[in-house]
Structures are given as C-alpha cells and as structure tokens.
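Bear in mind that the values in this text are calculations on the coordinates, not laboratory data. What you are looking at is a predicted structure, and each value in this text was computed from that prediction instead of being measured. As a convention, Cβ positions derive from the backbone with ideal geometry for all residues, glycine included, and neighbour counts pool all protein chains shown.
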Amino acid sequence: MPPWLEAADGGGFTLVLIDPFANPDHGDPLSWRSSAAPGGTPGGSDSIALAAFLADAGIADPNANDDGDRLPAWAEYAVGTDPNAPSVVPSSAAVEEFDPGTGPESWLTFRIQKRIGADDAAIGAQWSGELLDWSGLMEFVAEENNGDGTAWLIFRSTGPVGSEAFARGVIRMAP
C-alpha cells in the first residue's frame, strides 16, 4: 500500500533499510528500498559502493566518460547503466489525469531508472513549464523493482500543470 514499496508486498523482494547506521526513522517509507534480488540478502547487504562499481568497470576517475555518451561514470552507477557502453538514462515523462479529490486534473508524472543498492546516490525530479525555471520539485510516489538490479522511481508534480510541462532527473551523490 503506497507509500510503502509494492515490490516488497508479496512480490518476492524484501524491504531494505537504506542507511541503517544513520539511525533513520523505521516508520518512514522513504527510509526503505526494495532488495536487488528476490528474497533479499538475509544477514548481508546488497548495497553497492561507488568505488567498488568503478573498480569492477576498470575506471579510476568517477568523472570519466570513456564510452562517449556524455554521462560520467558516477551517473551511470546511479542510474544502472554500463559506463563502458554508450547509453541513455532510462526515463520518461507524461502529463496524466489525476484526481486529487476535487476532480480530474492534469499532473506531470516522471519515471527515472535507479540502480538498486546505489544507496549513496539520491535521485529526484524537477519540472518546468517553460524550460527556464526548474524550481518545481516533484513528489516521490513509488518505486517499481524491475527484477534486474534496477528500479523505476516515479515522481509526480505537486500540483496541476499546464499544457506545456517538462521534467528532468536530478542526481546527487552523498559526500
């Protein structure tokens, strides 16, 4: 039941506390993510460190873009793409009808892929009506586990949008 992760509700995946050493609020759904594999990792962790990801890919500089796709290696780590093969960040945006309780209105929905276990990467979304001002933050709505080590993060505008609405993902790495 939203905002809790549906993939961990009988779908084979488990809930994983994102940063257990930070003493997060266990009652807050945003403190949890789904496991990378069905059944989870009891007694272990499926978290992936950026340094280990880069070493496995044979990349020394997290800002490197050896595959020429304009995505630095740290961003490919966050979104679940291969830093050694050209790729595009899997994402999509759509204006959809949503009823907030007062009748149907047009809201912007944005989906972006994230690597499950890249717990030091935070992905959010912004929207704009004219591609100039990107101050409109979008609300996290759900996570859909793809079963391949990635998940769709789904965001929605915090209010109705006009006929022209654009979305973009924002990736931030923890210090």
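Ranking VAL161, PRO62, THR41 by Cα position along the charge dipole of the chain, where only Lys, Arg, Asp and Glu carry charges on their C-beta atoms, puts PRO62 farthest toward the positive end.
Could you state, as a whole-number percent, how many of the C-alpha pairs of segment 11-94 are farther apart than 21 Å? Each step should come with its number before you reach the end.
Numbers: 1632 of 3486 pairs.
So the portion of pairs separated by more than 21 Å is 47 percent.
Here the chain is assigned +1 on the Cβ of each Lys and Arg and -1 on the Cβ of each Asp and Glu. Its dipole about the Cα centre then comes out at about 140 debye. Cβ under 13 Å from PRO24's Cβ, PRO24 left aside: what net charge do those residues give with Lys, Arg +1 and Asp, Glu -1? With Lys, Arg at +1 and Asp, Glu at -1, the net is -3. Ordering ASN23, VAL88, VAL141 by Cα displacement along the dipole of the chain toward the positive end leaves ASN23 in first place; charges were set at the Cβ atoms of Lys, Arg (+1) and Asp, Glu (-1).
Approximating the spin labels as points 7 Å out from Cα along Cα→Cβ, the SER135-to-ASP25 distance works out to 2.6 nm.
Sequentially through segment 159-164, phi angles give Karplus couplings (6.51, -1.76, 1.60; θ = phi - 60°) of x, x, 10, x, 5, 10 Hz, Gly and Pro residues having no value and appearing as x. Derived scalar couplings between HN and Hα for segment 145-153 equal 6, 7, x, 10, x, 10, 9, 7, 9 Hz in order, rounded to whole Hz, by the Karplus curve 6.51 cos²θ - 1.76 cosθ + 1.60 (θ = phi - 60°), x for Gly and Pro. Sequence-ordered 3J(HN,Hα) estimates for segment 79-91 from the Karplus curve with 6.51, -1.76 and 1.60 and θ = phi - 60° stand at 9, x, 10, 8, x, 10, 9, x, 8, 10, 5, x, 7 Hz, glycine and proline given as x.
Quick query: amide H of ALA125 versus all other amide H atoms, modeled in the peptide plane; which residues come in under 5 Å with a sequence gap of 5 or more or a different chain? Result for ALA125 returns MET138, VAL170.
Legend: P(r) of the chain from all alpha carbon pair distances, 5 Å bins from 0, whole percents, reading 1, 8, 15, 18, 19, 16, 12, 7, 2, 1, 0.
Over the chain, Cα pairs under 8 Å with separation of 6+ residues give a relative contact order of 21 percent. Proximity of backbone amide H atoms, modeled 1.01 Å from N, is registered between GLU105 and PHE98, ASP99 at under 5 Å, excluding neighbours fewer than 5 places apart on the same chain.
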